[in-house]
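Just so you know, all these numbers are worked out from the coordinates, no wet-lab data involved. Quantities reported herein were computed from a predicted structural model and do not represent experimental measurements. Heads up, the Cβs are rebuilt from the backbone with ideal geometry, glycines too, and the neighbour counts pull from every protein chain shown.
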Amino acid sequence: MKKNWLLFAPLAIVSLLFGVFLYRLNAPEDRMVESRWINQPMPTFNLPPATAGIAGLKTSDLADGQPRLVNIFASWCIPCKAEAPQLDALAKAGVPIDGIAIRDRPEDVAAFLAETGNPFDRIGADMQSSVQIALGSSGVPETFIVDGRGIIREQIQGIITPAMVPEIQRKLDSLK
Amino acid sequence: MTGRCAWARRAAWALALAVAAPAAMAQDSLPPAPLAYKQLADPAQEAAATALMHELRCLVCQGQSIADSDAPLAGDMRHEVRSRIAAGESPDAVRDWLVARYGNWVTYDPPFDAATALLWIGPLLFLLAGLWLARGRFAVGVPDERGEGA
């Protein structure tokens, strides 16, 4: 009789499995693929201007001693529109922001900026997502915090919400 | 009545368009990257690239390989893979380059490490557990030690 507890082992294992299933079913879906390319130098690239009148973006622009944001966006990206006011607020607060436009046309970028305002110092056109892939980025919008030596310090996936703005400013100040 | 029906239909159409428009706009309008759908001229290189593309996971349409997906980013990743293979990089080097950026998540053939150990050892553990549970039943001619069952 001493080993009767074994009879309950299958029940215990099945209960445990169901517990895990229930937990995972109720856990919020998290399909974000985070970049592993953090604390690494910006990949080498030289992107042409994404639209007339605004300079393109190359790697050496990102190592001028100033910490900055590099925003991955696209005119066809709806959430990017919702993010625009926060980028504008950061730019007005003196944060340097450069943009990388993913799979975009010059006239579409111009229309997007006319509608949302332009927080960018430079915008590079990434026609084949090659810089996006080299950054380990998997969608738009995404924002990379880059220090003054051109090292990527943080990746922000999805839109920057108003609540995140002060934290981003603190982070950039700490990199100065 | 007909007048009101026509009005309602128009309103429904306008609503449907308003709902559908943002979804339609959320696609870029650029043509696919040059090597997204075009095979490499060298059959050996194309075979190596294709094998690798079937093993790399699409980032936006998770659950599909980049070879199977029509998502623009998957096309751009195929272009990236084919360009690198055409430039003489080995499939392993291309895979390592992507894993350095997206983690083992990006490959359908992840290496044996802490995260995958249970998957590999699991069946063996179950087999051992089963043998342990059944050990008494293999004894031939020897009375069950508990003196019951079997």
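Some points to look at:
- Isotropically averaged projected area of the range B:32-133, using the convex hull of Cα atoms (one quarter of hull area), nm²: 8.0 nm²
- Between 0 and 90 degrees, the angle of helix A:9-26 with respect to the longest Cα principal axis of chain A falls at about 20 degrees.
- Ranked list, fewest to most other Cβ atoms within 10 Å of each Cβ, for B:Arg82, A:Arg153: A:Arg153, B:Arg82
- Annotation: the antiparallel percentage among DSSP beta bridges lying fully within the protein assembly as shown is about 60.
- Over every Cα atom in the range A:50-171, the radius of gyration and the widest Cα-Cα span, Dmax, amount to 12.9, 35 Å.
- Normalised convex hull volume, the range A:10-104, alpha-carbon set, Å³ per residue: 192 Å³
- When each of B:Leu119, B:Leu35 is scored by the number of other beta-carbon atoms lying within 10 Å, the sequence from fewest to most is B:Leu119, B:Leu35.
- Cβ-based exposure ranking for A:Met32, B:Met53, in which fewest neighbours within 10 Å come first: A:Met32, B:Met53
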